[in-house]
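Written out below as structure tokens is the structure these notes cover.
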Amino acid sequence: MADFTTAYNITKKFEGGYQARASDTGNYCDGVLVGTNRGISAPTFKAYYGYCPTGMQMIQLTEDQARPIYRDNFWNTIRGDELLNQSVANMMFDMFVNHPGYGRDILRTAVANQLPMYTTVERPFSDDELSAINRIDQSILFNDLRAGREQAYRTQALKPGQEEYLDGWLARLAQLNWDAKYKTPITYATVAII
């Protein structure tokens, strides 16, 4: 089974410190510019804690405040503790943190490449969806997720003002690698002989 701390420690390296660019809509809470810190946007903070942070509260956001948001909003919705392969879990967790809008479509395409009858995958995953994700070839799934994310980044970079971020996005993706040490457990089916 996959481990949250392993995935979180990879993703938090990418999610950086405080920024309050006025052009970034994720930096506003109820129309007030308060910024983003540790990858936690102002609207995400409000949705989790129930109030808009001030700019100073966002600047002073601690890892102890950010970590449960990552666990509840991203790890738990992909049922990370039940994913069988850590490399896949790392890729999926980072994918939904970094581009949750594209993530669902990327995952759906990747699963359908091996199981064409799966036309939808929604978070939180149903038991059937989780089973499908776990039973397909994990290295192929990982590579299909990587390819889908790269395509999403390249598409996003075509939008005005976004092209400057492409190199950073691709560098982030390059740091997520298939790791052979994360063995996928072998599952056995019970067959009844009648």
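Points worth noting:
- Computed over the chain with a Gaussian network model linking Cα atoms closer than 10 Å, the most mobile of L170, L141, L158 is L158.
- Cut-off under 5 Å, modelled amide H: who pairs with L84 long-range: none
- Here the 3J(HN,Hα) profile of region 79-85, calculated from phi with Karplus coefficients 6.51, -1.76 and 1.60 at θ = phi - 60°, is 6, x, 5, 9, 6, 7, 10 Hz, Gly and Pro shown as x.
- GNM result for the chain, Cα springs below 10 Å: residue of P100, P53, P160 fluctuating most strongly: P160
- Largest accessible area first, the residues W75, W169 order themselves as W169, W75 under a 1.4 Å probe with ligands, DNA and RNA left out.
- Solvent-accessible surface (1.4 angstrom probe) belonging to E163, in square angstrom, nearest 10: 110
- If you wrap the tightest convex hull around every Cα atom of the chain and split its volume per residue, you get 133 Å³.
- Using θ = phi - 60° in the Karplus curve 6.51 cos²θ - 1.76 cosθ + 1.60, the 3J(HN,Hα) couplings for region 58-67 round to 5, 4, 8, 4, 9, 4, 5, 7, 6, 4 Hz; x is entered for Gly and Pro.
- Sorting T44, T11 by accessible area puts them as T44, T11; the probe is 1.4 Å, largest comes first, and only protein heavy atoms count.
- Tilt relative to the chain, helix 86-98 - C-alpha long axis, 0 to 90 degrees, to 10: 30
- Comparing mean-square fluctuations of K159, K12, K46 from a GNM of the chain with C-alpha springs under 10 Å, the top value falls on K159.
- The shape of region 1-90 can be summarised by an equivalent ellipsoid whose semi-axes, obtained from the alpha carbon gyration tensor, come to 27, 12, 11 Å from longest to shortest.
- Built amide H within the under 5 Å cut-off of C29, gap 5+: V34
- For region 164-176, putting each phi into the Karplus relation 6.51 cos²θ - 1.76 cosθ + 1.60 with θ = phi - 60° gives couplings of 5, 8, 4, 4, x, 4, 5, 5, 4, 4, 5, 8, 9 Hz, in residue order, rounded to whole numbers and with x for Gly and Pro.
- Relative to the longest principal axis of the Cα atoms of the chain, the long axis of helix 138-156 lies at roughly 30 degrees.
- Heavy atoms of R79: accessible area, 1.4 Å probe, square angstrom to 10: 50
- Counting lysine pairs in the chain that sit 8 or more residues apart in sequence, or on different chains, and whose Cα atoms lie under 25 Å apart gives 6.
- Mean ellipticity per residue at 222 nm, deg cm²/dmol - from DSSP H runs of n ≥ 4 across the chain, formula -39500 (n - 2.57): -15000 deg cm²/dmol
- Accessible-area value, D105, 1.4 Å probe, nucleic acids and ligands omitted, Å²: 60
- Remark on I40: its backbone amide H falls under 5 Å from none of the residues 5 or more positions apart or on other chains, H modelled at 1.01 Å from N.
The values are calculated or read from the model by the stated rules, or taken from the named source; none is laboratory data. What you see is a predicted model; the values in this text were computed from it and never measured. Remember, those area values only see protein heavy atoms, side chains included, never the ligands or the DNA or RNA. Shrake-Rupley method; radii C 1.70, N 1.55, O 1.52, S 1.80 Å.
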